[in-house]
Amino acid sequence: MYINGKSMENENIISSESRFDGRMPAQLRDIKFETGIAPNATGSVLVSFGNTKVICAATAEKRVPSWMNALVPPKGWISAEYSMLPYSTLSRKQRASSAGKVDGRSVEIQRLIGRSIRAVADLEKMAGITLWLDCDVLQADGGTRTASISGAYVAAKIAVKKLLEAGDITEDPFVDSVSAVSVGVLGDKVVLDLPYEEDKDADVDANIVMTGSGKFVELQASGEEATFDADQLAQLISLAKGGIEQISKLQVEAIANG
């Protein structure tokens, strides 16, 4: 299902001028979750934020990292890996295996994905199980980390449904949903869900991760040869909240059909 919504609560603080792709400042790109994209995974989804497309797959293993074996009570674990496929960008991106190391950006993003999903999970309810979340970017056009977090949650929830059906766990470990979206200051406008064309020119760029109940998991905001004040930060947060509410609804639909 696609979304082309506008956050009306931000109407008084955001210019009505449309953007280069025709969207209003408070409007998300077309967002879609296609489940079952990787049949060998326990749960999977192809998530699209406009032209950004990421395969998110969740694979359950009946073991945990060795350092967790001594924990009382026992717990499970959720870990994420993130990569951009060579053809995901305009110029070919070298594979980590060829480069001999994982680049720092990928490490940062996969840690963010793992933290975000663990933030809404009760790990005691999946004791003895590790849920691996693999996020592979097929096409990058801004917002790959936010799409990955949003898709990884959907894949994880679908995996949990299968674990419950199989009797491998007895309770859903997720206590809330989680999703993410980018916001930024572009000239005199505060805008939602930036594609690359806007992201590269933004004065301020932020990625905000929130739960379905409206709590923050992480805020990443920085100025690019620019600064921002408390009022602008409040506008960015308000705009992100409206976008995340819409993404959360799409996640619910995808999980129900996955």
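Filter the range 92-125 for residues that are open to solvent by less than 10 Å² (accessible area, probe 1.4 Å) and not hydroxyl-bearing (Ser, Thr, Tyr) and give the result.
109, 112, 113, 114, 117, 120
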*From (1) within 25 Å of residue 213 (Cβ to Cβ); (2) touching a helix residue (DSSP H, G or I) at 6+ places or on another chain (Cβ under 8 Å), pick out the condition that doesn't hold for residue 114.*
(2)
_What's the number of the only condition in (1) within 27 Å of residue 184 (Cβ to Cβ); (2) touching a residue at least 40 places away in the same chain (Cβ under 8 Å) that residue 102 fails to meet?_
(2)
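Residue 229 - would you say it is closer than 23 Å to residue 108 by Cα, at pLDDT below 95 and open to solvent by 20 Å² or more (accessible area, probe 1.4 Å)? So that I can check it myself, show each step before the final result.
Numbers: closer than 23 Å to residue 108 by Cα: no; at pLDDT below 95: yes; open to solvent by 20 Å² or more (accessible area, probe 1.4 Å): yes.
No, not satisfied.
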*Take the residues of the range 235-257 that are surrounded by fewer than 20 Cβ atoms within 10 Å (Cβ to Cβ), touching a strand residue (DSSP E or B) at 6+ places or on another chain (Cβ under 9 Å) and under 15 Å from residue 45 (Cβ atoms): which is modelled with the highest pLDDT?*
253
*List every residue pair whose Cβ atoms sit under 7 Å apart, with the two residues 6 or more apart in sequence or on different chains, where the first one lies in the range 43-60 and is at positive phi and the second, anywhere, is crowded, with 24+ Cβ neighbours inside 10 Å.*
50/29
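Taking the range 126-173, which residues are farther than 25 Å from residue 205 by Cβ, touching a Lys or Arg at 6+ places or on another chain (Cβ under 9 Å) and not in a strand (DSSP E or B)?
If we filter the range 126-173 for residues that are farther than 25 Å from residue 205 by Cβ, which is where we start, we get 126-132, 134, 155-173.
In the following step, the residues that additionally are touching a Lys or Arg at 6+ places or on another chain (Cβ under 9 Å) were identified as 126-130, 168-173.
Result: 126, 127, 128, 129, 168, 169, 170, 171, 172, 173.
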*Consider residue 188 against the criteria (1) under 12 Å from the mean Cα position of the chain (by Cα); (2) of a type outside the set (Gly, Ala, Ser); (3) farther than 21 Å from residue 257 by Cβ: it satisfies all of them except one. Which criterion is unmet?*
(1)
*Could you list, in sequence order, all residues of the range 212-258 that are touching a residue at least 60 places away in the same chain (Cβ under 8 Å), among the polar types (S, T, N, Q) and over 21 Å from residue 26 (Cβ atoms)?*
257
*All but one of (1) among the charged types (D, E, K, R); (2) at pLDDT 95 or above; (3) open to solvent by 50 Å² or more (accessible area, probe 1.4 Å); (4) more than 21 Å from residue 32 (Cα to Cα) hold for residue 218, so report the exception by its number.*
(3)
*Just give me the residues in the range 195-215 being over 19 Å from residue 113 (Cα atoms) and open to solvent by 50 Å² or more (accessible area, probe 1.4 Å), in sequence order.*
196, 197, 199, 200, 201, 203
*strands (runs of 3 or more DSSP E) contained entirely in the range 24-80, each with at least 3 residues that are open to solvent by 20 Å² or more (accessible area, probe 1.4 Å), under 29 Å from residue 124 (Cβ atoms) and basic (Lys, Arg)*: none
*For the range 172-184, indicate whether the set of residues that are closer than 22 Å to residue 27 by Cβ and open to solvent by 30 Å² or more (accessible area, probe 1.4 Å) is non-empty.*
no
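The values are calculated or read from the model by the stated rules, or taken from the named source; none is laboratory data. Everything numeric here is computed off the predicted structure, so don't read it as measured data. Because the Cβ atoms are built from the backbone with ideal geometry, glycine has one as well, and the counts that use them run over all protein chains shown. Surface areas here come from the heavy atoms of the whole protein model, side chains and all, with no ligands, DNA or RNA. Shrake-Rupley method; radii C 1.70, N 1.55, O 1.52, S 1.80 Å.
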